[in-house]
Amino acid sequence: MPAQKTPQKRLIVALDVPTAAEALALADTLAPQIDFFKVGLQLFLEAGFAVCDALSKRGHKVMLDLKFHDIPQTVALTTAQLANHDIALATVHGYPQVVAAAAKAKGRTKILAVTVLTSLGHEELAQSGFAGTLAELVQLRAETSLAAGADGIVCSPLETALLRKKVGSKPLIVTPGIRPLDSARDDQTRTATPHAAIQAGADYIVVGRPITKAASPVTAAREILDEIG
Ligand code: C5P
């Protein structure tokens, strides 16, 4: 874990809003205390790379969370599209074929492999046909993804300590599923507080609704930064 990172450099805010105008207004409200933003499927389908470019033009870092999962040729060609934009981090699902194809075509962007979505619990895993435990699957996906060339992994804060021990200090660990103590869990299952996630060894935490749906997003972000610090 890079101990020198300030709390500001550890928080990525998920701009899960429907339009570029709302996303940029939120980013402008949260800057300068936040300078790293995540663009997901909802916003990207509406606003495309234009919203990523607008964020980077403002000096922000962008995590593009489209979770690619397709045949190697499609993943490689799609990942190559990132080269014309300033995308710091991009996500793919943590299957070795997918990760290897993305890693080959990634350019300056760092590729993060999503291990197991933080909304999934043991029951959903069993329903999808996986016989083992969540921790086993997360560990398998993390290790095979890193071997296939991922720069880091996305996992829940509940698996972060174990994974950090297994993978060492170099790979990035990014954890969504973050909930301050007084926040609703919404559709997330494997959650922990910002402080617990950082203590467990996460490089970055990703926070959406606890900030974006707060009466004052600035106050909510400030409280999370204080908790991390
Ligand atoms: O609102 P909330 O804090 O739950 O948002 C979490 C964000 O992180 C969402 O944008 C979601 O798509 C993303 N994410 C996640 N679990 C993963 C990977 C990404 O919740 N495993």
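General observations
- Residue check for residue 128: among the polar types (S, T, N, Q) and buried (at least 19 other Cβ atoms within 10 Å of the Cβ): no
- Unique residue being small (Gly, Ala, Ser), over 17 Å from residue 65 (Cβ atoms) and more than 17 Å from the chain's Cα centre (by Cα) when the list is 196, 220, 192, 200: 220
- Of residues in region 139-161 being assigned to a helix (DSSP H, G or I) and at pLDDT below 95, the one nearest to the chain's Cα centre (by Cα): 157
- Extreme residue, surrounded by the fewest Cβ atoms within 10 Å (Cβ to Cβ), among residues of region 144-163 that are of a type outside the set (A, V, I, L, M) and touching a helix residue (DSSP H, G or I) at 6+ places or on another chain (Cβ under 7 Å): 149
- Helices (runs of 4 or more DSSP H) fully within region 188-229 counting 1 or more residues that are under 17 Å from residue 172 (Cα atoms): 194-200
- Cβ-Cβ under 8 Å pairs, at least 6 apart or on other chains, region 175-199 side without any contact (Cβ under 8 Å) to a residue 24 or more places away in the chain, far side in a loop (DSSP other than H, G, I, E, B) and near the ligand (Cβ under 10 Å from one of its atoms): 185/179; 185/191
- Against the numbered list (1) among the polar types (S, T, N, Q); (2) within 16 Å of the ligand (Cβ to nearest atom); (3) part of a loop (DSSP other than H, G, I, E, B), residue 33 comes up short only at (2).
- The set of residues in region 1-30 being within 16 Å of the ligand (Cβ to nearest atom) and either of a type in the set (Asp, Glu) or touching a Ser or Thr at 6+ places or on another chain (Cβ under 9 Å) (or both) consists of 13, 14, 15, 16, 17, 22, 26.
The values are calculated or read from the model by the stated rules, or taken from the named source; none is laboratory data. What you see is a predicted model; the values in this text were computed from it and never measured. Cβ atoms come from the backbone with ideal geometry, glycine included; neighbour counts cover every protein chain shown.
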